[in-house]
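This report concerns only the one structure given below.
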Amino acid sequence: MALPPLDDAARARARDRALESRRLRAAWKGRLAAGAVDLAGLLDASDREPALAGMRVADALGALPGVGPRGVARILEECGIAPTRRLRGLG
């Protein structure tokens, strides 16, 4: 299914929404890293905020203090979660 062509205004709105989503996800990852919020808080917020629901589980885990790339891979493997799974897909 082909996407309809966008005019410049629609393209600019989409770009602004995408930028705001990236900023929101980065802010939450910073809060996770600082210990200001835990993973349960992020999951609760992702139920209300579509931009957070689009965050990858691996990115959220990687933002936790003391969890590096190997830790993320181990956690995902032990839990049977695909590396590309998003928060909204955890059910």
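Residues checked against (1) in contact with a Ser or Thr (Cβ under 8 Å, 6 or more places away or on another chain); (2) basic (Lys, Arg); (3) modelled with pLDDT of 95 or more:
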{"position": "Pro5", "(1), (2), (3)": "no, no, no"}
{"position": "Gly35", "(1), (2), (3)": "no, no, no"}
{"position": "Arg74", "(1), (2), (3)": "no, yes, yes"}
{"position": "Gly80", "(1), (2), (3)": "no, no, yes"}
{"position": "Arg88", "(1), (2), (3)": "yes, yes, no"}
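Of all residues in region 72-91, those that are among the basic types (Lys, Arg) have Cβ atoms under 6 Å from Cβ atoms of residues that are in a helix (DSSP H, G or I), 6 or more apart or on another chain, in Arg85/Val57; Arg88/Ala53. Restricting attention to region 34-91, the residues being open to solvent by 20 Å² or more (accessible area, probe 1.4 Å), of a type in the set (A, V, I, L, M, F, W, C), part of a loop (DSSP other than H, G, I, E, B) and within 24 Å of Leu19 (Cβ to Cβ) number 2. Scan region 4-16 for residues that are surrounded by 11 or more Cβ atoms within 10 Å (Cβ to Cβ) and either part of a helix (DSSP H, G or I) or touching a residue at least 12 places away in the same chain (Cβ under 8 Å) (or both) and jot them down. Selection gives Ala10, Arg11, Ala12, Arg13, Ala14.
The values are calculated or read from the model by the stated rules, or taken from the named source; none is laboratory data. All of these numbers come straight from a predicted model, not from anything done at the bench. All Cβ positions, even for glycine, are placed from backbone atoms using ideal geometry, and neighbour counts span all protein chains on display. Only protein heavy atoms, including side chains, enter the accessible area calculation; ligands, DNA and RNA are left aside. Shrake-Rupley method; radii C 1.70, N 1.55, O 1.52, S 1.80 Å.
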